[in-house]
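The values are calculated or read from the model by the stated rules, or taken from the named source; none is laboratory data. Since the structure is predicted, the reported quantities are computational estimates derived from the model, not experimental observations. Every residue, glycine as well, gets a Cβ built from its backbone with ideal geometry; the counts of neighbours run over all protein chains shown.
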Amino acid sequence: MSVTAAKGFVAAGVHAGIRRSARDLALVRSTVPAVGAAMLTVNRVQAAPVLVTRDHLAAAEPQAVVINSGVANAATGERGLLDAIATAAEAARLLDLQTEEVLVLSTGVIGPLLPLERVLAGLREAAPALTVEGGADAATAILTTDTCIKEAAVSLDGFTVGGMAKGSGMIHPQLATMLAILTTDYPLESGEAAAFLRPAVDKSFNSISVDGECSTNDTVCLLANGASGVARSPTTDAAFTLALGRVCQQLAEQIVADGEGATTV
């Protein structure tokens, strides 16, 4: 029940030293060509990884996602942008991808610069550790103030949608300090992912609030690789819409249940 539940996805989570202890760097990739989309924060101030991810989505289809916790790489100016690009470039080198095929997500303290050399070293550890069994480690590595990992998976009609998320504070409609990485082996064409992702996010992550705050880093991304081999039809598209919505809803409910100071949901 994780981000690697769908066929053709692998993940890893390692301790890169961004935080004093615990895993703090996650890597997720599709082992076969994928298409994808993302919904990004609507905060007027957007962190460097959000800006880089936006540019990469406009240039290529995403094949991998790097997520670090501990440092948000927000309010870091030109240096922050260069660090986010360098992170994507190193992941791409290790995975034999193009830099633009890697999305970069960060969560943590706003202001400090990303400890880039530690991130790059962590990627060199994470890349060879990518496995189907690595989903839980990846889900652990993206946490900040969360008290538990957040994972979900739904299988319908021969395909699977899986995902992981983080968030427990600064959660507010239109995405707040919240990250979600969704994966599926359902076959989508280039340019289609956003049309499925947007309504699923609107009915789930954009419908929750913990403390009314909105963040600089929020991202929900979806990678679809078609590895299930399912033949598409209007019926299977409807089933995919249902499965994606269920996974988003389950992850959103887990975020609310883990909300800072929450006693009632």
Considering every residue within segment 62-72, establish whether at least one is more than 16 Å from the chain's Cα centre (by Cα) and either in a loop (DSSP other than H, G, I, E, B) or modelled with pLDDT of 95 or more (or both).
no
Filtered residues of segment 222-261 (kept if assigned to a helix (DSSP H, G or I), surrounded by fewer than 20 Cβ atoms within 10 Å (Cβ to Cβ) and aliphatic (A, V, I, L, M)):
Ala238, Ala239, Leu242, Val256, Ala257
Asp96 is checked against (1) surrounded by fewer than 19 Cβ atoms within 10 Å (Cβ to Cβ); (2) closer than 22 Å to Gly226 by Cα; (3) in contact (Cβ under 8 Å) with a residue 24 or more places away in the chain and fails just one. What number does that condition carry?
(3)
For segment 13-36, check the following and say yes or no: at least one residue is within 20 Å of Gly191 (Cα to Cα), crowded, with 23+ Cβ neighbours inside 10 Å and of a type in the set (A, V, I, L, M, F, W, C).
yes
Just give me the residues in segment 1-26 being modelled with pLDDT under 95 and either of a type in the set (Gly, Ala, Ser) or in a strand (DSSP E or B) (or both), in sequence order.
Ser2, Ser21, Ala22
Return yes or no: is Arg29 touching a helix residue (DSSP H, G or I) at 6+ places or on another chain (Cβ under 9 Å), among the charged types (D, E, K, R) and assigned to a strand (DSSP E or B)?
yes
